[in-house]
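The values are calculated or read from the model by the stated rules, or taken from the named source; none is laboratory data. Note that the coordinates shown come from a computational prediction; the quantities given were computed from them, not determined experimentally. No Cβ is skipped: glycine too gets one built from the backbone with ideal geometry, and neighbour counts run over all protein chains shown. When the accessible area is computed, the model is the full protein with side chains, heavy atoms only, and any ligands, DNA or RNA have been set aside. Shrake-Rupley method; radii C 1.70, N 1.55, O 1.52, S 1.80 Å.
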Amino acid sequence: MTRVVVAALLLALFGGTAWGADSAAFAFRAGLGYDFISQRYFLDSVVGSASDTFFQQWAMTTDYLNDVKGILDFRYRPSGARGTEVRALYEQTPDLLRARLSGLWTRSGSTATWLSRGELDWRDRISGNSRTGDDYVLGTGESGVRVRLGDNWAIRSKLLGEFVDFRGATAYAYDYRRLTGKIGFERSLGLLSAFSLDGFISTRQVPDSQPLSYVSVGGEGSLIGLTGSTEIDLYCRLERKNYDAAAHRDDYTGLNATSHLRLGFGGKFFLEPTGQIDALWFDPADPLNNDYFRGRFWLGGGLDWDEITVAIGPEIDILSEQVTADVTGENYFEAGGKLAVDCLLPGRLFASAESSTGHRNVRGETDYLSDFAYERISLLADWTVTSRINLNILAAAEWEWHDVATDDSRLLLISSSLTYSFK
C-alpha cells in the first residue's frame with residue numbers, strides 16, 4: 001500500500017510541472033481513495049465456544065473489498081475546440097489497477113447537433129488470486145444526431161455499441177458484443193418542460209455461450225415538466241427480449257416505469273410522491289422463470305430552505321411472483337418510513353443522505369426466507385474543500401434482524417476519494 005501512495009504522490013508532483021504552453025487546455029488531479037465492502041451473516045459469528053468475543057466476530061466477517069488506492073485524473077480540452085474533451089483516469093490498489101480513457105465530441109449546426117463519445121475501461125489484478133470480474137476490458141461508444149424541426153420539435157437517432165473481453169470466460173462471466181439503434185422525437189413544452197419518445201432494437205452476441213445471445217425491441221418515453229411550484233419527472237420503458245436458448249427459456253416482456261413529483265404548497269412546504277414499477281412476463285413455454293411484479297412507493301413531505309431540504313414519509317415495497325409447481329416464489333410486503341436530507345451549496349457541497357426503517361413480511365416462509373426488521377442508510381457527498389481539494393464519498397449500510405438471530409445479516413459499502421487539482 002505504501003508503494004501505491006508514494007507512486008501517486010510522485011506522479012502527481014511530476015505531472016504538476018509538466019504543462020506545456022497551452023496549459024489552459026489541461027487539467028490534472030491526483031489523490032487517494034478508499035473502497036470497502038463487507039458482509040456479515042451472524043450465523044457464522046456464533047460458531048464455536050468463543051463466539052461472543054471480538055476476535056471471533058472479526059474473523060467471521062467477510063470483507064470483499066478493503067483497499068486504499070492511488071488516483072490520477074488527466075483531462076485535455078483544446079483551446080477553441082468547442083465540445084471536444086479527452087480524459088484519462090488511473091487508479092491502483094495493492095492488488096488491482098484500473099485505467100479508463102474516454103473522449104467526447106460535439107458539433108452544432110444551424111439545425112442539427114452531432115454528438116459522439118466513447119470509453120475504454122481496463123481492469124487487471126496484479127497481485128493475489130484472480131476472481132471473476134477482476135480482469136477485463138470494457139469498451140462503450142455512441143454516436144447520434146439531433147435535428148430541430150421548428151421551435152418545438154426535433155427528431156433524433158443514435159447508434160450505441162459495447163463489448164467486454166474477460167481474461168478467460170467462466171460460468172458467470174462471458175465475453176460479449178452488443179449493438180443498439182434508437183430513433184425518436186422530442187417536443188418542447190415551454191420553459192424547462194419536454195416530452196420524448198424513442199423506439200429501439202438491440203442485439204447481443206455471446207460467442208462462448210450462444211444461449212445468452214438475444215435480440216430485443218421496444219420503446220421508451222419520458223416527460224419532464226415544470227409548472228409553477230409543481231415538478232414532474234416520468235419515465236416508461238417497454239421491451240421484448242428473445243434469447244437464443246431452446247424452448248423460449250428466459251424470453252420475456254419487461255416493463256419499467258418511474259415517477260417523481262414535487263408539489264409545492266406555498267412557503268417552504270412540499271409533498272414528494274415517488275414510485276417505481278418493474279414487471280417481467282416470461283414466455284408461457286419457459287420452464288424455469290416466474291412472472292413477477294415489484295412496486296416501490298414513497299410519499300415524502302418536508303421543508304425546503306433552498307440550500308437544505310428535509311423530507312420524511314411512509315414507504316412500501318411489494319414483490320409478487322407467480323408460483324408454479326416446479327418453481328417457488330419470493331413474495332413479500334415491506335412497509336416502513338424514510339427520512340431524506342439533501343444539501344446543495346453550489347460550487348462547494350452536494351450531499352444526499354437517506355435512512356429507511358421498517359419491516360418485511362414474507363408470504364410463505366421457508367428455511368431460506370423469513371420476516372425481518374431492517375435499517376438502511378446511505379450517503380452521497382461531493383465536497384469542494386478548497387479550490388483545489390475535493391472529497392467524494394459514497395457509503396451505504398443495511399442491517400436485517402430476523403426472529404431467529406442466526407439469520408441476521410449486515411452489509412457495509414464505502415467508496416471515497418480525496419484529490420488535489422493542479423489546474
Say we look at segment 389-403 and pick out the residues that are assigned to a strand (DSSP E or B), in contact (Cβ under 8 Å) with a residue 24 or more places away in the chain and open to solvent by 60 Å² or more (accessible area, probe 1.4 Å); which of these is nearest to Phe422 (Cα to Cα)?
Trp399
Which of (1) modelled with pLDDT under 95; (2) part of a strand (DSSP E or B) is the odd one out, the single condition Lys338 does not satisfy?
(1)
Across (1) within 19 Å of Asp403 (Cβ to Cβ); (2) assigned to a strand (DSSP E or B); (3) open to solvent by 70 Å² or more (accessible area, probe 1.4 Å); (4) not aliphatic (A, V, I, L, M), Trp383 clears everything bar (1)
In segment 236-245, is there at least one residue being closer than 25 Å to Ser188 by Cα, out of contact with any helix residue (DSSP H, G or I) (no Cβ under 9 Å at 6 or more places or on another chain) and assigned to a loop (DSSP other than H, G, I, E, B)?
no
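For (1) in a loop (DSSP other than H, G, I, E, B); (2) exposed (fewer than 15 other Cβ atoms within 10 Å of the Cβ); (3) modelled with pLDDT of 90 or more; (4) small (Gly, Ala, Ser), each residue gets a yes or a no:
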| position | (1), (2), (3), (4) |
| --- | --- |
| Ser110 | yes, yes, no, yes |
| Leu115 | no, no, yes, no |
| Arg123 | no, no, no, no |
| Ser127 | yes, yes, no, yes |
| Thr140 | no, no, yes, no |
| Gly144 | no, no, yes, yes |
Scan of segment 370-396 for residues that are closer than 16 Å to Arg410 by Cα and of a type outside the set (Lys, Arg), ordered by number:
Ser370, Asp371, Phe372, Ala373, Tyr374, Glu375, Ile377, Ser378, Ala395, Ala396
Restricting to segment 395-423, count the residues that are of a type outside the set (Gly, Ala, Ser), out of contact with any Lys or Arg (no Cβ under 6 Å at 6 or more places or on another chain) and modelled with pLDDT of 90 or more.
8
Restricting segment 96-108 to residues that are farther than 9 Å from Gly83 by Cβ and either of a type outside the set (S, T, N, Q) or not in a strand (DSSP E or B) (or both), the residue that is most open to solvent (accessible area, probe 1.4 Å):
Leu101
Looking at (1) open to solvent by 70 Å² or more (accessible area, probe 1.4 Å); (2) closer than 28 Å to Arg237 by Cα, find the lone condition where Leu344 falls short.
(2)
Among Phe293, Phe269, Phe265, the single one that is closer than 18 Å to Leu339 by Cβ and free of Cβ contacts under 8 Å to residues at least 40 places away in the same chain is Phe269
Can you find a residue that is surrounded by 16 or more Cβ atoms within 10 Å (Cβ to Cβ) and over 30 Å from Leu303 (Cβ atoms) anywhere in segment 226-236?
yes
Residue in segment 227-238 that is touching a Pro at 6+ places or on another chain (Cβ under 9 Å) and within 30 Å of Leu339 (Cβ to Cβ) present:
no
Could you check how many residues of segment 404-418 are buried (at least 16 other Cβ atoms within 10 Å of the Cβ) and either in contact with a helix residue (DSSP H, G or I) (Cβ under 9 Å, 6 or more places away or on another chain) or part of a loop (DSSP other than H, G, I, E, B) (or both)?
4
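Conditions tested, residue by residue: (1) open to solvent by less than 30 Å² (accessible area, probe 1.4 Å); (2) modelled with pLDDT of 95 or more; (3) among the aliphatic types (A, V, I, L, M).
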{"site": "Pro273", "(1), (2), (3)": "no, yes, no"}
{"site": "Phe282", "(1), (2), (3)": "no, no, no"}
{"site": "Pro287", "(1), (2), (3)": "no, no, no"}
{"site": "Asp291", "(1), (2), (3)": "no, no, no"}
{"site": "Val310", "(1), (2), (3)": "no, yes, yes"}
{"site": "Gln322", "(1), (2), (3)": "no, no, no"}
Would you mind stating whether Phe200 is among the aromatic types (Phe, Trp, Tyr), under 30 Å from Asp317 (Cβ atoms) and at pLDDT 95 or above?
yes
Of Ser213, Ser193, Ser157, which residue is open to solvent by less than 40 Å² (accessible area, probe 1.4 Å), over 23 Å from Thr258 (Cβ atoms) and over 21 Å from the mean Cα position of the chain (by Cα)?
Ser213
Quick check: anything in segment 362-375 within 24 Å of the chain's Cα centre (by Cα) and open to solvent by 50 Å² or more (accessible area, probe 1.4 Å)?
no
Yes or no: segment 246-262 includes at least one residue that is over 30 Å from Pro314 (Cβ atoms), in contact with a Pro (Cβ under 6 Å, 6 or more places away or on another chain) and open to solvent by less than 60 Å² (accessible area, probe 1.4 Å).
no
Which of the residues belonging to segment 367-379 are modelled with pLDDT under 95 and under 17 Å from Ser356 (Cβ atoms)?
Asp371, Phe372
Of Asp278, Asp317, Asp304, which residue is closer than 21 Å to Thr258 by Cα, surrounded by 17 or more Cβ atoms within 10 Å (Cβ to Cβ) and of a type outside the set (S, T, N, Q)?
Asp317
Return the pair list, or none, for Cβ contacts closer than 9 Å from residues in segment 175-194 that are of a type in the set (Phe, Trp, Tyr) to residues that are in a loop (DSSP other than H, G, I, E, B) and exposed (fewer than 14 other Cβ atoms within 10 Å of the Cβ), at least 6 apart or on different chains.
Tyr176/Pro207; Tyr176/Asp208
